[in-house]
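The values are calculated or read from the model by the stated rules, or taken from the named source; none is laboratory data. What you are looking at is a predicted structure, and each value in this text was computed from that prediction instead of being measured. Counting neighbours? That spans all protein chains shown, and the Cβs are built from the backbone with ideal geometry, glycine included.
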Amino acid sequence: MSTARFIALMSLIFAEAASRLIPHPPDFTPITAIALFGGAYFAKRWLAFLVPLTSLFLSDLVLGHFAGPYVYGSFALIVCIGFLLRTRRKPLAIGTAALASSVLFFVVANFGVWLSGFLYPRTAAGLVACYVAAIPFFRNMILGDGFYTVVLFGGFTLAERFWPALHEPVTVR
């Protein structure tokens with residue numbers, strides 16, 4: 001990966017991660033888009049995981065809370081969804097991946113909340129109550145994931161058009 005491309009990718013991600021620290025509606029955050037984008041664009045898989053999880057961890061430190069293992073695990077899975085976009089960076093594929101990522105996060109993170117047993121009993125009714133209580137936040141999550149995904153993927157596509165140095169080198173196999 002060229003230095004210019006790496007700096008551009010990191011700059012976009014840093015800007016989005018910083019936006020988590022400004023006032024925003026609940027669950028309207030950039031972390032899902034960062035994980036998806038990292039999986040799609042970083043050539044080194046370890047970097048694709050490191051960047052979004054570190055962004056989440058550092059912003060958690062600033063905000064004064066820890067998201068928990070189910071949240072971090074969901075973002076690691078979202079990076080894997082991003083891997084599927086490496087060769088298919090078309091609007092429909094990206095939009096589908098963003099929506100799938102939102103659903104995955106909703107299912108996994110809320111399952112973790114239920115499993116902890118602090119807010120809901122560990123019964124079928126408790127699981128249903130947990131998911132039902134989370135529905136109002138799901139709308140903001142989908143909107144935020146969509147918005148930040150467009151900003152990252154669209155912004156980088158535009159940047160590549162104006163600065164050819166950002167293009168990936170073509171490898172011959």
Residues (of a type in the set (A, V, I, L, M, F, W, C) and touching a Phe, Trp or Tyr at 6+ places or on another chain (Cβ under 7 Å)) located in segment 115-150: L127, A129, C130, A134, F138, M141, L143
Which listed residue, of R122, R161, R139, is part of a helix (DSSP H, G or I), of a type in the set (K, R) and farther than 29 Å from F6 by Cα: R139
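Regarding F153, is this residue in contact (Cβ under 8 Å) with a residue 12 or more places away in the chain, of a type outside the set (D, E, K, R), closer than 26 Å to F42 by Cβ and touching a Leu at 6+ places or on another chain (Cβ under 9 Å)?
Working: in contact (Cβ under 8 Å) with a residue 12 or more places away in the chain: yes; of a type outside the set (D, E, K, R): yes; closer than 26 Å to F42 by Cβ: yes; touching a Leu at 6+ places or on another chain (Cβ under 9 Å): yes.
Against the criterion (in contact (Cβ under 8 Å) with a residue 12 or more places away in the chain, of a type outside the set (D, E, K, R), closer than 26 Å to F42 by Cβ and touching a Leu at 6+ places or on another chain (Cβ under 9 Å)), F153 qualifies.
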Criterion violated by S101 - all others in (1) out of contact with any helix residue (DSSP H, G or I) (no Cβ under 7 Å at 6 or more places or on another chain); (2) within 19 Å of G39 (Cα to Cα); (3) among the hydroxyl-bearing types (S, T, Y) satisfied: (1)
Segment 22-50, residues that are surrounded by fewer than 24 Cβ atoms within 10 Å (Cβ to Cβ) and either modelled with pLDDT under 85 or outside any helix (DSSP H, G or I) (or both): I22, P23, H24, P25, P26, D27, F28, T29, A43, K44
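Being of a type in the set (D, E, K, R) and without any contact (Cβ under 8 Å) to a residue 40 or more places away in the chain is the filter; apply it to segment 51-88 and report the residue that is surrounded by the most Cβ atoms within 10 Å (Cβ to Cβ). Show your work before the answer.
Step one: filter segment 51-88 for residues of a type in the set (D, E, K, R), giving 60, 86, 88.
Applying the additional criterion that residues be without any contact (Cβ under 8 Å) to a residue 40 or more places away in the chain yields 60, 88.
Numbers: D60: 17, R88: 12.
Per the stated criteria, the residue is D60.
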Options V113, V103, V151: the member that is modelled with pLDDT of 95 or more and out of contact with any Lys or Arg (no Cβ under 8 Å at 6 or more places or on another chain): V103
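Please specify each residue of segment 83-97 satisfying the condition of being closer than 11 Å to A40 by Cβ and in a helix (DSSP H, G or I).
Quick first cut of segment 83-97, residues closer than 11 Å to A40 by Cβ only: 83-89, 93-94, 97.
If the condition is that a residue be closer than 11 Å to A40 by Cβ and in a helix (DSSP H, G or I), then F83, A93, I94, A97 are the ones that fit.
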